[in-house]
1. Using a Cα-Cα cut-off of under 13 Å, which aspartates and glutamates could be cross-linked to K412, ignoring same-chain neighbours fewer than 8 residues away?
2. Set the Förster radius R0 to 35 Å, insert the Cβ-Cβ distance between N188 and V323 as r into 1/(1 + (r/R0)^6), and round the FRET efficiency to 0.05.
3. Leaving out ligands, DNA and RNA, what percent of the accessible area of segment 174-272 is carbon and sulfur, probe 1.4 Å?
4. Along the Cα→Cβ direction, 7 angstrom out, place labels at L409 and D208. What is the inter-label distance in nm?
5. So which trypsin sites (Lys or Arg not before Pro) in segment 289-342 end up in coil per DSSP with only 11 or fewer other C-beta atoms within 10 Å?
6. Would you mind working out the accessible area per residue for segment 151-306, using a 1.4 Å probe, and quoting it in Å²?
7. Excluding G50 itself, what net charge comes from residues whose Cβ is under 12 Å from its Cβ, given Lys and Arg +1 and Asp and Glu -1?
8. Please list, or write none, the lysines whose alpha carbon is within less than 24 Å of the alpha carbon of K163, excluding same-chain residues fewer than 8 places away.
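The values are calculated or read from the model by the stated rules, or taken from the named source; none is laboratory data. In this text, all values refer to a predicted model and were calculated from it rather than measured experimentally. Every residue, glycine among them, receives a Cβ derived from its backbone with ideal geometry; neighbour counts consider all protein chains shown. These accessible areas exclude ligands, DNA and RNA; they are computed on the full protein's heavy atoms, side chains included. Shrake-Rupley method; radii C 1.70, N 1.55, O 1.52, S 1.80 Å.
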Amino acid sequence: PRRPPRAPVVSFSGDGRTQAQSVELDDELTVNIQGFTTSSLWAALFRLLGALTFGLLFLLSRWFTDLRLRLTARPAAFETADTVRVETVWRESTIVPLLDTPVDAETLQEIFADVAVSELPPCRQRCLLGGRPHYHLRHFSYRYMRFSLNPCTKLFDVDAFWKDPLWLSSAASLRGLDGLVAVARRRNLFGTNEIAIREKSTLELLVDEVLHPFFVFQIASMVLWCLDSYYYYAACILAISTGSAVTTLMDMKESYARLRSISKFSCPVSVFRGGQWEVVASEDLAVGDLFEVTTGMGLVPCDAVLLHGDCITNESMLTGESVPVSKTPASEAELRAMDFRTRDPSSTTAGMSRYFLFSGTKIVRSRSGALSDRDGGLAQRAGADHGAVALAVRVGFNTTKGALVRSILFPKPHTFQFYRDSFRFIGVLSLIASLGFLASVYNSYRFGESWKNILVRALDLITIVVPPALPATMAVGVSFSMSRLKKQGIFCISPPRVNICGKIQVNWLSFGPII
């Protein structure tokens, strides 16, 4: 089972104007959230300095994400901040804007069951919701996960851990959603039931590749060589770098398209809404929908809790073992004890996997159970062959399949000794080049050389000590490796991860206990 999350680490300054929070998303990922308020004056000065430095400040702020935030913003509480910095345990920082969405009292009460809406002051602008009092819901999205600010605790809650307080019994859960209004509200809060990967455009991928520090060093070196009449060598490095960059971009675009096609799934689903059954597309499922599980769907469309009937599923997508798993309905006690924050449904020791249907798993068999007086709308189903009935609890990227796709899009960083030694080697070379640069400038100035020749010769010494062709050579090798992997049906959306394949030394395949 997922270990119980640590208590949120919240820090305040002496004047109570700054705030930070630590959130444990799973066993491996913990993020630190800190609020910031951007100063219009300092932001304008930052843009002015960026223009005066011919874009060098913008380039540095792209490499060092905290630089712009430190120059243009100051720490603030979540209620007044307009930006948050999300930092992982691996020191990966992402700057995300905070959004304010007007919601009514019913929606706010539905998201945060512990909030006394009557005690919160409504916003002054009432025209946005038909003249009714409304409230601002502060939220942001990070890696396809949504964080909403609880107005009572002043902390962010993860929507993937949300549970309806009405899911305490089978009778209450079998009612489904009331109608289109409730469905629209849930869809606005938790999104649609589709894993829509935002694919970067060719221009964005090209900019990410060109503005890499190594590539920028190559461009500066080629400009320097052209000033020193090394046209052929500069043209050769330019051709190699351009060819490798274009090939890498094409492979990444194809890999993204492949991942999008694998993640996309659609099928007709029979749902119980507003007291009657209707057929909708699986993308239209909302959290709290009561739907029928049939073998005709092929795959489970979302994470769901089995309430009526029984199922047999193939969970090889999760475990890698193509063994049928039997699912039985959740009991009243299990529904009350269900908590996504402290218990991982995919863990076999958590006890939830017995009645939990995981998104993307194959439906082998589905049967309806015996009806009782408490089953309500189940008797209204048309036809003779009925399947099991389940309650949708998580949709889209919040599902188990969505978490698997997120782990592919945002893998855990790996650092090898080879990488660390390589950067140490480049650092030593850079130090030697700096000393040579200073010595060359001093000697050239002493012999009366012009400043143009002094700078060209001194900078040329840096390009000799630190080889600009090294990144191009490594990029060509990675590009050829990705092409060979693609021929074997293996796709990669992160070229630096290709080197990890060379670290595999032992393949261990177990078919059962060894006696």
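1. Reachable aspartates and glutamates: D26, D27, E28, E92.
2. Values: r = 39 Å, r/R0 = 1.12.
Taking R0 as 35 Å, the efficiency between N188 and V323 is 0.35.
3. 65 percent
4. Each label point is offset 7 Å from its Cα along the Cβ direction, giving 1.1 nm.
5. Passing both the DSSP loop test and the Cβ count: no residue.
6. Numbers: 7300 Å² over 156 residues.
Value returned for segment 151-306: 47 Å² of accessible area per residue.
7. Here the charged neighbours net out to +3.
8. Partners found: K154, K327, K401.
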